[in-house]
Amino acid sequence: IAPSKLATTACFSLSPLHFLSRRLGFGEEGLLRAAVRIGPSKHLDLVGLNGYVGTNRPRAAHFAPMLRKMARLAARIRSATGIAVREINIGGGIPALATADSAAGDAPKPADGVPGGAKSGAATLESFAREVAARFHTEVSHAGLDPFPVLAAEPGRAVVGSAVLLVTTVRAVHGDWAFLDGSR
């Protein structure tokens, strides 16, 4: 939906966050146009695609649509420009799951007795990574990418979530939201 039509559209099924996400990077067609321009450059090299699904996504399935889209986009870029995308980065959003060591009881447990902040029966970080990697392999294979790009992620809280204790002050409360003077 074009910005001028947002005000006149009574009901639409697209999230307004999708519209606002353009500020974070290129849309698919814009990226393809940029790749065509980068191709002949002696100063720029298109190395990878970076995505963003959201924050604290507890299931690897949340990343599947983006992996599919990025693999297909990498194939389109190669077809249009000859550039082989070398890396697909799924960004962050990986939650603080238990590691195999902490799930085995080798790590200290927080007050609730659950290792690494994970809930009982939750996936480990390793099983989560294996599932994302398997989905990546499937999508890259279906897109016909050869050689395969490297899969990268920005695990953030998945790495440090159970390693720190963050002390903050509540600065304001608005409805169900508490606004703090810090974050991780």
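The values are calculated or read from the model by the stated rules, or taken from the named source; none is laboratory data. These figures come from a predicted structure and were not determined experimentally. Cβ placement follows ideal geometry from the backbone for every residue including glycine, while neighbour counts extend to all protein chains displayed. In case anyone asks, the SASA skips ligands and DNA or RNA and just uses the protein heavy atoms, side chains included. Shrake-Rupley method; radii C 1.70, N 1.55, O 1.52, S 1.80 Å.
Between the amide H of residue 50 and those of 89, distances stay under 5 Å, these residues lying 5 or more places away or on another chain, with hydrogens modeled in the peptide plane.
Rounded to the nearest 0.05, the FRET efficiency derived from the C-beta distance between residue 32 and residue 171 at R0 = 30 Å is 0.10. With the whole protein complex present, residue 55 retains an accessible surface near 80 Å², based on a 1.4 Å probe. Length gained on full extension, residue 138 to residue 69: 23.6 nm, using 0.36 nm per residue less the C-alpha separation.
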